[in-house]
Structures are given as structure tokens and as C-alpha cells.
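Have a look at the structure below, then the notes.
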Amino acid sequence: LNHPAELRLIAELVQAVDNLENSDEVVSSLKWEKAALNLSQAFENFWSKCRIWGEVKITSPELAQARLGLLMATQSVLRFLLEEKIGISALTEL
């Protein structure tokens, strides 16, 4: 994964997870809404610029699989932020 949109999404995921793992005094001061917004914006950018299906799946199945993994990690972290930190029910389908 080396596309700028992939790297930004990975960075946002790492930042969000790091914030979750920090000590209680740091966690209590975080703005979870901002973290969720940053992650969702990075995902939207990734989704619009990085294809998974079609030609990418045919010519580079490893890349498609890695992008699917990134998508699943984002879903998991974003759902946790929304439900556990913000108190909003995350949709299971669109």
C-alpha cells in the first residue's frame, strides 16, 4: 500500500488506535468526534481514489486484498469510536 490516500487512511487508523491505547488522562481529553471525522474523511478519500474491484482485482489481487483489509480495519475502528466513545449506533449497511 503506497498510494497517498492509503497512507493517509493508515495514519488516521494508527492515530485513532494510539489514542485509544493511551493513558486515562490523555483519553479523557480527546475529542472523539474529531477523531471519527478525520477517520471518515480519510476513508472517503481512500474509497474515491483507490479501486478494489474490476481491473485492480484482476491485475493485482494482492493489492485488492490489502485494500479490503484496510477497509475492514477502518470499519472496525470507526464503529468502535462511534458506539463506544461517542454513543452513536453505527449502521451495519448502507
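The values are calculated or read from the model by the stated rules, or taken from the named source; none is laboratory data. Predicted model only: the values in this text are computed from it and were never measured. We place every Cβ from the backbone using ideal geometry, glycine too, and count neighbours over all the protein chains shown. Ligands, DNA and RNA are stripped out before the accessible areas are found, and what is left, the full protein with its side chains, is counted by its heavy atoms. Shrake-Rupley method; radii C 1.70, N 1.55, O 1.52, S 1.80 Å.
All but one of (1) exposed (fewer than 15 other Cβ atoms within 10 Å of the Cβ); (2) modelled with pLDDT under 95; (3) under 16 Å from the mean Cα position of the chain (by Cα); (4) part of a helix (DSSP H, G or I) hold for Val26; state the number of the condition that does not hold.
If we test Val26 against (1) exposed (fewer than 15 other Cβ atoms within 10 Å of the Cβ); (2) modelled with pLDDT under 95; (3) under 16 Å from the mean Cα position of the chain (by Cα); (4) part of a helix (DSSP H, G or I), just (3) comes out false.
When you check Glu93 against the structure, is it open to solvent by 40 Å² or more (accessible area, probe 1.4 Å), free of Cβ contacts under 8 Å to residues at least 24 places away in the same chain and in a helix (DSSP H, G or I), yes or no?
no
Taking the condition of being touching a Leu at 6+ places or on another chain (Cβ under 8 Å) and either part of a loop (DSSP other than H, G, I, E, B) or over 17 Å from Leu1 (Cβ atoms) (or both), how many residues in segment 60-84 meet it?
Total satisfying the criteria: 3.
Given the condition open to solvent by less than 90 Å² (accessible area, probe 1.4 Å), within 15 Å of Leu1 (Cα to Cα) and part of a loop (DSSP other than H, G, I, E, B), answer yes or no: does some residue in segment 49-59 qualify?
yes
Before we move on, is Gln75 without any contact (Cβ under 8 Å) to a residue 12 or more places away in the chain, open to solvent by 70 Å² or more (accessible area, probe 1.4 Å) and of a type outside the set (A, V, I, L, M)?
yes
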